[in-house]
1. Open to solvent by less than 70 Å² (accessible area, probe 1.4 Å), closer than 17 Å to Met53 by Cα and in contact with a strand residue (DSSP E or B) (Cβ under 9 Å, 6 or more places away or on another chain): is that true of Leu101 in this structure?
2. Kindly list, by first and then second residue, each pair from a residue in region 453-472 that is assigned by the TED database to the domain that holds His429 to a residue that is among the charged types (D, E, K, R), limited to pairs with Cβ atoms under 7 Å and residues at least 6 apart or on different chains.
3. Which one of these is at pLDDT below 90, assigned to a loop (DSSP other than H, G, I, E, B) and surrounded by 13 or more Cβ atoms within 10 Å (Cβ to Cβ): Ser12, Ser37, Ser48?
4. What do you reckon, is Phe365 among the aromatic types (Phe, Trp, Tyr), farther than 25 Å from Met230 by Cβ and out of contact with any His (no Cβ under 8 Å at 6 or more places or on another chain)?
5. Just one of Arg65, Arg32 is under 22 Å from Ser18 (Cβ atoms), open to solvent by 50 Å² or more (accessible area, probe 1.4 Å) and modelled with pLDDT of 90 or more; which is it?
6. Quick check on my filter: what residues within region 321-343 are in contact with a helix residue (DSSP H, G or I) (Cβ under 7 Å, 6 or more places away or on another chain) and not aliphatic (A, V, I, L, M)?
7. Between Gly173, Gly267, which is exposed (fewer than 14 other Cβ atoms within 10 Å of the Cβ) and at positive phi?
Amino acid sequence: MLEVMDTDEECSIVLQLSENDPFFDEKKKLLRCKGFSPKERIYLRCSSGPRWMNDTVKILLPIARIIQLNELELYFAEDDASVEFYSSRNELEALNSIVLLIDKSLSSCQHSHTNILQVLRQTILDLISDFGDQNNLKGVLEKYHSCEKEEHLIKWGKSHGVKTQLKIAYVEGAGRGMIAEKDLKVGDIALEIPVSIIISEELVLETDMYRVLKEVDGISSETILLLWSMKEKYNCDSKFKSYFDTLPEKFNTGLSFGIEAITMLDGTLLFEEIMQARQHLHAQYDELFPALCNGFPDIFPPELYTWEKFLWACELWYSNSMKIMFSDGELRTCLIPLAGFLNHSLCPHIMHYGKVDPSTNSLKFCLSRPCRSGEECCLSYGNFSSSHFITFYGFLSQGDNPYDVIPLDFDSSYIDSNEDKPVSNWATHMVRGTWLSNNHSVFYYGLPSPLLNHLRRSRSPVLQTNTVLQGNLENELEVLGDLKDIFDDMMDNMGDINLDD
């Protein structure tokens, strides 16, 4: 927020950590370790020297980064380590939150302060653009694929109120994606979808199918929609025929991996995730069929409700659906024609897209970083691990995924139960699966402090500081031994593998 002071020469911007933040205490501690308070006032003076902008950004950005940390990023944040940024998501959220703050300030400030705020705003926008350029994975367009069905879908969408500054094209290594037709800047609406063509549970409420399925004990709205889409795909008179015509006949997610691929994954976390998901889907299918086909063959024709078609529909909804907040406050799982062609990126152009704008009754996909003409425009599917993306989406994101973590389970009896205060604020512990922090010195080893502190206190609850004392060092050797046992067990479970394969 902006606060105008008594003189015309200065104003201030206030960055404040909300007390409603679920990780308020952890973020407050991290802010104080970095030399900031939970409520920090940054003064802007019109008569400031040439370095005032850099000095201001050096205060604003570290605070905004910490405020925007999510739980996993916060777990791996080190209070005494100098980090450039915590993740691409966090950096874009932090920079965009400052732009939003400045925009709100500009709407209420004195005229004499407008120029200084506009200069600050442009500086932050330049940082967003530079960050995007540094982390952009440029896609090469494949020119020899026909997009006739996709172009027909765009034409159909526009006839139903869709507004788009994107087109569908084939991207090398990624399949179909959406490309900017012109230069787009932060805040531009790349794609706008009216609610009238969003596929949600409202579509099936008046159908015979719904009247049957609502009597099925425990069935979810997502499952009802899944069964509806299995039949609607073959409906020649469907309003959404243009959309279904563009869907692939095979999705190639981990859910439909063959025996050879599954065998290769034996012993990995990905194997366990895929097998658990497939077992769940088989159990779900067996609960519904053939009972529904036998009881209501006119509504559920057996030829449309085979296991193969059920798996296809599951892959469709897992890989293409989005959680959308509607104007009535309800959160629904939906399929959104056209928006499903937006590919995922660890450094996305679009970060916030899940809430219907009540003034236009539409879903707007606004840019959080610029997208140049001819560049693929990407969004974030969520903060998921690579194993999740392979299982439910069928791809591996490019670059180091900060959400590739390995969860660690510890026996609670391992902790000294006589200690009055909790061993850690963190209920679960983890290590990153693809990369470590840069701090490899004694007491850190590139591993997260919450994990290390948990192991230290489980060995010796009275040792609280990381100092080079005999007792601490002896305890540290035992902790390192525990870590070696943990990682040796992980490698043993992997079996004999060729690490070059």
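The values are calculated or read from the model by the stated rules, or taken from the named source; none is laboratory data. Since the model is a prediction, treat every value here as computed from it, not as a measurement. Backbone-built Cβ (ideal geometry, glycine too); neighbour counts: all protein chains shown. Side chains included, ligands, DNA and RNA excluded: accessible areas come from the protein's heavy atoms. Shrake-Rupley method; radii C 1.70, N 1.55, O 1.52, S 1.80 Å.
1. Working: open to solvent by less than 70 Å² (accessible area, probe 1.4 Å): yes; closer than 17 Å to Met53 by Cα: yes; in contact with a strand residue (DSSP E or B) (Cβ under 9 Å, 6 or more places away or on another chain): yes.
Spelling it out, Leu101 is indeed open to solvent by less than 70 Å² (accessible area, probe 1.4 Å), closer than 17 Å to Met53 by Cα and in contact with a strand residue (DSSP E or B) (Cβ under 9 Å, 6 or more places away or on another chain).
2. Sorted first by the residue in region 453-472, then by its partner, the pairs are Leu455/Asp482; Arg459/Glu478; Pro461/Asp416; Pro461/Glu419; Leu463/Arg456.
3. After ruling out the rest, the residue left standing is Ser48.
4. Numbers: among the aromatic types (Phe, Trp, Tyr): yes; farther than 25 Å from Met230 by Cβ: yes; out of contact with any His (no Cβ under 8 Å at 6 or more places or on another chain): yes.
Considered against the rule, which asks whether it is among the aromatic types (Phe, Trp, Tyr), farther than 25 Å from Met230 by Cβ and out of contact with any His (no Cβ under 8 Å at 6 or more places or on another chain), Phe365 comes out as yes.
5. Numbers: Arg65 fails: open to solvent by 50 Å² or more (accessible area, probe 1.4 Å).
Just one listed residue meets the conditions, Arg32.
6. Selection gives Arg332, Thr333, Pro337, Gly340.
7. Details: Gly267 fails: exposed (fewer than 14 other Cβ atoms within 10 Å of the Cβ).
When all the criteria are applied, what remains is Gly173.
Residues are listed down the side, and each one gets a yes or a no for (1) over 17 Å from Ser368 (Cα atoms); (2) open to solvent by 60 Å² or more (accessible area, probe 1.4 Å):
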{"residue": "Ile179", "(1), (2)": "no, no"}
{"residue": "Glu192", "(1), (2)": "no, no"}
{"residue": "Ser200", "(1), (2)": "yes, no"}
{"residue": "Asp208", "(1), (2)": "yes, yes"}
